[in-house]
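The values are calculated or read from the model by the stated rules, or taken from the named source; none is laboratory data. Since the model is a prediction, treat every value here as computed from it, not as a measurement. Ideal geometry is used to build each Cβ from the backbone, glycine not excepted, and the neighbour counts take in all protein chains shown.
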Amino acid sequence: MSKNKFLSDKPEGRDSFQSQAHTKIANVIADIIRKDEIKLIGLEGEWGSGKSNIVKLLENKLKIGRASCR
């Protein structure tokens, strides 16, 4: 009997792409948040394009930055 293998829909919080595209996007957004009075940021993309993962990377980056400022 074959076992079905399902992909997780949970963001990993790490960039698995060789180009580090998700990390680059998260870095730019983090810089904007730190410098400007942003009221709203939107990420658009198809299912599975990495929107939630970018948010997780951004969350981790901002937590690290906040901890180092103390």
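Quick notes on this structure:
- Residue pairs whose Cβ atoms lie under 8 Å apart, sitting 6 or more positions apart in sequence or on different chains, and linking a residue in segment 22-43 that is free of Cβ contacts under 8 Å to residues at least 60 places away in the same chain to a partner that is exposed (fewer than 11 other Cβ atoms within 10 Å of the Cβ), are Ile29/Ile41; Ile32/Ile38; Ile32/Ile41; Ile33/Ile41.
- Leading residue by the ranking (farthest from Ser8 (Cα to Cα)) among those in segment 38-58 that are aliphatic (A, V, I, L, M) and modelled with pLDDT under 90: Ile38
- Selection within segment 38-58: residues that are of a type in the set (Val, Ile, Thr) and assigned to a helix (DSSP H, G or I). The member of this set that is surrounded by the fewest Cβ atoms within 10 Å (Cβ to Cβ) is Val55.
To keep it simple, each residue is scored yes or no on (1) modelled with pLDDT of 85 or more; (2) surrounded by 10 or more Cβ atoms within 10 Å (Cβ to Cβ).
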residue	(1), (2)
Arg14	no, yes
Ala21	yes, yes
Ile25	yes, yes
Asp31	yes, yes
Asp36	no, no
